[in-house]
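Notes for the one structure printed next.
Read-outs throughout are calculated quantities, based only on the coordinates presented, and are distinct from any laboratory measurement. This is a predicted model, so every value here is computed, not measured. Neighbour counts run over all protein chains shown; Cβ positions are idealised from the backbone, glycine included.
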């Protein structure tokens, strides 16, 4: 935020990023570190906040909030963390997000729908840099949790603690069970 | 959060407070300062997050998020800030809040419904201390904004800046207009 | 239900009654006994099923289900008990109710909206007989619970048991508290 | 709509008006005639489309659609008629309306909320001219229907026909009945 | 509509057709022309009105409304155009549609669900005539838009103008992008 | 239900089972008979109550209610029958079910999601015994209905009567039609 000569704040350098963070992994952390360097503030939206307890969305918004805030505790990044529920009406999606977060001027996303919606609404949209996307991906972390493979190195250390504390591996394995 | 001997975290000293914060005023700030002294973390829930643009709920969740986070920037209070949408089904309300926030063990509220719901769900419920509740109240701040009286001294200074930045007084006055 | 010559069942003598039953009282019981005598089956709908924990709707649908089924256990009335959630779109209300209950041919109600909606949809609508409506009313029972007056004689004995078992008087008194 | 030099259409002279039209009356018709003279097209939104069968909103969106289209049949006004359901989230209301109607550049309204919302979204908002507002009002028409007074002169002749055809007076009287 | 001897209107010759019109194409136009010849009025419902910005439903209800009304401007077909939002409860779907549109007596559809629902509700259901259904299909038009093939000849000329005006091809191509 | 020494009722021997019952078949009946022997009361929840008229969920909640209650009429099983609508938020699902039914202490389910959700909420969860699960399955019954094969022997006799009475085979065949 910078003060304009008319006394209003400009939010050109406040940026927004949306993810489901199922769970928050090292790729997410690298993206946030990278774009934070270009920004005054970064607004991190936890998307599909109402979802949990499915194979693709195992963790609640509260659990994801905890993963992210404990990871960022020791980073010197000025951020806002906001869970956003789906409305399932894409034509009001941007207005919904805007109403839930502090002001911003730029959106970072690689998702075609998110990019298109914010772009039609007049926002500057930039790509989010990717870091080893095949390994650092929520799909891969969840796959390893289900199959019992080592997944801990793919996520920040505080995320390991949160997952253990809620018995997250057991939950995911139970949900993935064949009926 | 403290580590238990079984390796799990205990959240007995993590507390939750819910308000609509329309707008965030000095009474809210005093409550938060006061209960923060008894807690490891304080989870501040912005209730009725989907509401805005009415005489009783003029500000969006994002605007309220900004008011609170800018006010608390210089306080040394470890807090989580979470907007919570209404579900309008009180029998699932506690489960909804729990799913949206980091873990907590205690709730501070003077609202009979909130107190009863968390208490039936087994949470420890404490009263929130009140500070000059007739002056430091959202109703009084909004009344003054509509009538053009001095309201700025009732809210923390950053809230004044946010309200000015969004033309909040004009919005409230427009909404209060007789048809 | 009677078998028609075309092999289909007729449901002219199956009747439907809707109430909120907050709580189920002796007036309700008398109505049900009275109309049951004209019917093969009686479908009892627990309306506003999603509501609970307010001064006017203190009890959950499950608690109301229990009150009614325990009261009717010893009556020889063939009944179906069905909780119905509000949709808040009156033009689809009849279709919603119809989809949730076994077939029926007649509706008993004194509520103008219910009567009009079913009547526009082609159903036979009859008035429900009233029994001492000033005393046997949900409003009166709840008023007595809040003020600590004797209410037990206004409801069937199993309802007293259910209310005691869930600490219903305390709940209602807590909810009615002035803030 | 006019063609701009860049080949895109401009919709500066396409205007939008929102009403509940419970029922459509002569005041509505005069407003539409009056603003139509300033416009290429007029988009008429039937608000609260999902509501019906209450004392304040007795008619369905379809019935209101029929009232308006039959009245405007013989007017040489280029109009679009669009029922709009409430979302009950004012911060996405403008985006919702925009997604449901052809493009427009100007809004006519005397409702403070509607005016404020479209104005914050950057639309030009004008007042709708009022014609004998105490007599030509939905409230007055409904009051007369309930009490059995003459109401027919307050509405266009096709509206009388639609109301008679659906037994609208009976419906309103039934709904207004004391319980 | 014809007047019956009892003074009520009959709507046996008013017909309803529902489509998603993503986008409106020449096949749709031919169906409408064809059934209009059997009808007094034709009610055209824009289904799934709340959907937009997906690969299968790229256009908003407002954009589809504009496509259809501009195409039909020069046809002498008496029609009503009504966007209908999904309720995702099929047992109230017919009641929902009926509440949103002027009265009708007949439904034209080839969709098994639509046919079955209206038929169970007692409506006369007829098949809609198909015109070169492999070429004149929304799927084919969207496929061509994405792949850059010629699609303009498959839709009426005003639809081409609307799609160009909203950059519809770009939108669809963006949405179809691989992540 | 047994009375505890503190005067409260214990519901350790009241059990809950959830199914979609599309339709109710002999496998369901065997499960209910089997677990009823271990229980004081059995609460039978009709899940996805708002769904009907699709190939996988052809029957309304009311039709399923009728199938089950007519089948159980001659069994000496103390049961409660409760339709439950989906909320599509799994983190409040248990609270939703609990609010809709009489008290219970144990859940019988083979569905991984149901098992996990009730187990996280502290309920005792047991497996439901399976009886010839390849033949006695809703999928198989519906497959036979669509293809015209013999299905009547897979369901209790009263279910055959209900399906015939509502022309259920025709409905399912119509819905399964290729477009």
Taking every DSSP bridge whose two residues both lie in chain E, the antiparallel percent to the nearest 5 is 10 percent
For the peptides F:126-136, D:157-167, what is the packing order when you average, over each peptide's residues, the other Cβ atoms within 10 Å and list the highest mean first?
-> D:157-167, F:126-136
With respect to the symmetry axis carrying chain F onto chain E, which residue of chain F exhibits the smallest Cβ distance to that axis, and what is the value in whole Å?
-> F:88, 6
Chain D, Gaussian network, Cα under 10 Å: of D:96, D:28, D:41, the residue fluctuating most is D:96
Please report the relative contact order for chain A, taking Cα pairs under 8 Å with a sequence separation of at least 6, and give it as a percent rounded to a whole number.
-> 28 percent
Label distances, nm, residue B:34 versus same residue in remaining copies, Cβ-directed 7 Å point = 4.8, 5.4, 5.4, 5.9, 7.5
Scoring region A:96-156 by relative contact order with C-alpha pairs under 8 Å, at least six apart, yields a percentage of 23 percent
Hey, for residue E:127 with labels 7 Å out along Cα-Cβ, what do the inter-copy distances come to in nm, ordered shortest first?
-> 5.0, 5.0, 5.4, 6.0, 7.6
Quick one: label points 7 angstrom along Cα→Cβ at residue D:13, distances to the other copies in nm, smallest first?
-> 3.8, 4.6, 7.2, 7.2, 8.4
With 20 Å bins from 0: P(r) over the protein assembly as shown, alpha-carbon pairs, percent = 11, 39, 41, 10, 0
Which shape class applies to region E:101-169: rounded if a/c is under 1.5, otherwise prolate when a/b exceeds b/c and oblate if not, where a ≥ b ≥ c are the square roots of the Cα gyration tensor eigenvalues?
-> prolate
Expressed as a whole number of Å, what is the distance separating the alpha-carbon centroids of region A:127-165 and region E:19-94?
-> 46 Å
What average count of beta carbons from other chains do you get within 10 Å of the Cβ of residues in D:97-107?
-> 5
Please average, across the residues of A:110-117, the number of beta carbons from any other chain that are within 10 Å of each residue's own beta carbon, and give a whole number.
-> 5
Starting from the Cα gyration tensor of chain D, take the square roots of the eigenvalues, sort them a ≥ b ≥ c, and report rounded, prolate or oblate (rounded when a/c is under 1.5, otherwise prolate if a/b is larger than b/c, else oblate).
-> prolate
Mind ranking B:13-21, D:30-38 by how tightly packed they are, going by the mean number of other C-beta atoms within 10 angstrom, highest first?
-> B:13-21, D:30-38
Antiparallel as a % of all DSSP beta bridges within the protein assembly as shown, to the nearest 5?
-> 10 percent
To the nearest whole number, what is the average tally of beta carbon atoms from other chains within 10 Å of the beta carbons of peptide D:144-151?
-> 0
Value of relative contact order over region E:60-123, rounded to a whole percent, pairs C-alpha under 8 Å and six or more apart | 27 percent
So what's the angle, to the nearest 10 degrees on a 0 to 90 scale, between helix D:26-36 and the longest Cα principal axis of chain D?
-> 10 degrees
With a ≥ b ≥ c the root eigenvalues of the C-alpha gyration tensor of region E:16-100, is it rounded (a/c under 1.5), prolate (a/b larger than b/c) or oblate?
-> oblate
Rounded to the nearest 10 degrees, what's the angle between the helix E:138-147 long axis and the longest principal axis of chain E, both from Cα atoms, 0 to 90?
-> 10 degrees
